[in-house]
Amino acid sequence: MSKKEKWEISFKTVKIPLLLIIIFYSIAFWRYSATGKIFFIYNFVYIGTALALGGFLNDALPKKHILWGRRISQFLIGIYMLGYLGFILHENMQIEGFFFYLFAGVFAAATLHYFIAKVVGPVILNRGWCAWACWTAMVLDFLPWKKPTGRIKNLGIIRYIHFFLSLGLVSYFWFILGIRDINEYSMIEFYWFAIGNLAYYLIAIVLAAVLKDNRAFCKYVCPIPPLQKVLSGYALLKMSIDADKCNDCYLCEKNCPMGINLLSYKNEGKRILSTECIICSTCANVCPKEAIKMTMKFDKGERKEYLRYR
């Protein structure tokens, strides 16, 4: 990111977008060659292109417009997954849909999506899904409570309860009730997806308003982080603070939507090792010294949680 009020186009601003294109285009042609289904070409080429475009704009746009890089990526991917995959193709993109397809051994769009974005993908892209592609956060990030005063300690246990309740519910339907025919119950799945998403939006917006925190739902209720956090500690992509440039102004911490004590990592000479980091680049975008950037390297799975509580 450049402090100058002009576009910055260089290898620095295109290297991560190029990596994203290589990853997603490779997945597209891998799945197409294995199945012969053209869906995998346009699905992963579209998602990879949207992510690469957002990543490029996030680094290349003039600083006063920098926020729109990530927002564009969020919108393009969120609308595609929610509208096209969910409401048109009737894929259940809720976590219950993933569990159901997994039990059935069906390699549907939802299965592949969870595998790449939320199970194995975090090894490379960390929890980038949460900031750059989530259709729930796509709406939440427009709410006015962008600078939370801190996290509420131990409330995050709710998302683990949510995760295991979802798994238990699907297991009950599958093993106890014997509901296994995906085609027979496709409309029920669709209604589940539609009503579930509506409930997510309502809970997320109310929670954000009550706690004055746009990302309260992500921190305390969403069942996806328990999946992502398993491998995100090994992520190649993490934020890093240059100690020589940083002047300890604390703007990064005050603006971090996930309530991470970012400077604690800088003081230990480490990258941001928290599994709560969603790679949103907010810290980098507000840093007046350009001391923060995304970096790619292997940290041997080291993780530390320095979080700011109320």
**Request:** Relative to the longest principal axis of the C-alpha atoms of the chain, give the angle of the C-alpha long axis of helix 67-79, reported between 0 and 90° and rounded to the nearest 10°.
**Result:** 0
**Request:** For the pairs Lys219/Lys245; Lys212/Lys254; Lys118/Lys212, note any where the Cα-Cα span goes beyond 22 Å.
**Result:** Lys219/Lys245; Lys118/Lys212
**Request:** Using only the Cα atoms of segment 11-229, build the gyration tensor, take square roots of its eigenvalues as a ≥ b ≥ c, and label the shape rounded, prolate or oblate: rounded if a/c is under 1.5, else prolate if a/b is larger than b/c, else oblate.
**Result:** oblate
**Message:** If each residue of separation counts as 0.36 nm, what is the full-extension length gain between Ile195 and Leu89 once their alpha-carbon separation is subtracted?
**Reply:** 36.5 nm
**Asked** Local charge sum around Ala209 (other residues, Cβ-Cβ under 14 Å, Lys/Arg +1, Asp/Glu -1)?
**Response** +2
**Asked** Among all cysteines in the chain, which have no other cysteine Cβ under 4.7 Å from their own Cβ?
**Response** Cys130, Cys134, Cys218, Cys222, Cys246, Cys249, Cys256, Cys277, Cys280, Cys287
**Asked** Expressed as a whole number of Å, what is the distance separating the alpha-carbon centroids of segment 235-298 and segment 13-88?
**Response** 24
**Fill in**
With Cα springs under 10 Å, the Gaussian network model of the chain assigns the largest mean-square fluctuation among Arg271, Arg71, Arg31 to Arg31
**Item:** Förster radius 45 Å - calculated FRET efficiency between Leu67 and Ser33 (Cβ-Cβ, nearest 0.05)
**Value:** 0.75
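None of the figures in this text is laboratory data; all of them are computed from the coordinates on show. Everything numeric here is computed off the predicted structure, so don't read it as measured data. Cβ: placed from backbone, ideal geometry, glycine included. Neighbour counts: every protein chain shown.
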